[in-house]
Amino acid sequence: EIFDEMKREGVRPTVVTFSALISACEKGQQWKLALQVLEEMKATFGPNVIAYSAAISALSKGQQWEKAWELFCEIEQSGEKLSVVTYNATMTALEKGLQWERALDLFDEMKYKNMAVTVVSYGSAISACEKGYQWRQCLEYLDEMTERKISKNVIIFGAAMSCMEKSHRADIAFQLMERMKLERVRPNVHIYNSVISACARCKLWKKGFELFKEMDEVGVKRDVVTYNAVLDAVCSQVDLAEDIFHEGVERGFYAKVSRLGSQWLELDLHFLSLGGGETALRWWFEKCLVPYLGGSKELASVRSIDIVTGYGKTRARGARRGDD
């Protein structure tokens, strides 16, 4: 609105004005509007690396890696000198779009050009390693940061932990926890969630449960992801899993998982992990459904029993047969 008012008042916008507006579009997650503003700026001033970088960031937030890559190539071919911010923004867009190899190629290019890579650059590169399960490369980047005297923060370690989790390397995740202590970086809930999930993937339920308990001891507040992760780890330990599930219910994380009406019964597993869903299903049948339908009168009045397993956005449902 302010931009439109400027033009109505005859105030000529500058490159700085356009760049600021594109950045505002990025923060508002309006990538289409960001592109419109960029085109208007180009018509007057031609390509500008700051404006392009802001537009690439907007496209990154909008999950538009192809368009971000097009802008990167366009500004590169224009002869404008690319900045570290341009590279960082493009790497982030690529890794979010699962184009991890291209992202790592850009990172190599930055270092080949002797650009001043930053903690943000390494964060994007390590996140790209996670997408490609490149745990060895991830560790090399952490060592590089030490050599370059670039301080690691909790975001860097969080990305590295996610990489180890996805790569089924719980052993290295434990080592990174120790490394964080040495480098005086305090683990947050994301760090613990990733390591507990790594334990679940590697079938180390005891260690996962230990880390779950440790969170209370060190003052890290658990969230719904924590409970889902630990339930994945301990679901084979039926009594323990049910105790943790009930604790999650008491804390409000699974408050709406069960709905019991006079004519319909529903178990909603939307926000549960696989282990959480398994535990909830067992609890629902044994502790809710069977006691509730103990009398033939209650059973006769029930018209539907539904188990909702997800939103249906990621996996196609098979064709229905009759009334199933």
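The values are calculated or read from the model by the stated rules, or taken from the named source; none is laboratory data. In this text, all values refer to a predicted model and were calculated from it rather than measured experimentally. Reconstructed Cβ throughout: ideal geometry from the backbone, glycine too, with neighbour counts over all protein chains shown. Quick note on the areas: whole protein, heavy atoms, side chains included, nothing else; ligands and nucleic acids left out. Shrake-Rupley method; radii C 1.70, N 1.55, O 1.52, S 1.80 Å.
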Any idea how many residues of segment 131-152 are more than 17 Å from Ser167 (Cβ to Cβ) and assigned to a loop (DSSP other than H, G, I, E, B)?
-> 5
If we scan segment 74-81, do we find a residue that is open to solvent by less than 40 Å² (accessible area, probe 1.4 Å), at pLDDT below 95 and not basic (Lys, Arg)?
-> yes
May I ask you to verify whether Val195 is in contact (Cβ under 8 Å) with a residue 24 or more places away in the chain and under 16 Å from the mean Cα position of the chain (by Cα)?
-> yes
Given (1) modelled with pLDDT of 95 or more; (2) over 16 Å from Ser194 (Cα atoms), where does Leu211 come up short, assuming only one miss?
-> (2)
Does Asp216 meet the test of being in a helix (DSSP H, G or I), more than 19 Å from Met177 (Cα to Cα) and of a type outside the set (S, T, N, Q)?
-> no
Need at least 3 residues that are open to solvent by less than 30 Å² (accessible area, probe 1.4 Å), modelled with pLDDT under 90 and out of contact with any helix residue (DSSP H, G or I) (no Cβ under 6 Å at 6 or more places or on another chain) per element, so show me which strands (runs of 3 or more DSSP E) inside segment 228-324 make the cut, counting only ones lying wholly within it.
-> none
Those residues that are aromatic (Phe, Trp, Tyr) and under 16 Å from Met91 (Cβ atoms), I need them from segment 111-150; list them, please.
-> Tyr112, Tyr122, Tyr141
Considering segment 98-130 alone, what residues qualify as being open to solvent by less than 20 Å² (accessible area, probe 1.4 Å) and part of a loop (DSSP other than H, G, I, E, B)?
-> Val117
Say we look at segment 177-217 and pick out the residues that are crowded, with 23+ Cβ neighbours inside 10 Å and polar (S, T, N, Q); which of these is nearest to Ser273 (Cα to Cα)?
-> Ser197
Picking from Val16, Val84, which residue would you name as being surrounded by fewer than 18 Cβ atoms within 10 Å (Cβ to Cβ), farther than 30 Å from Glu140 by Cα and not acidic (Asp, Glu)?
-> Val16
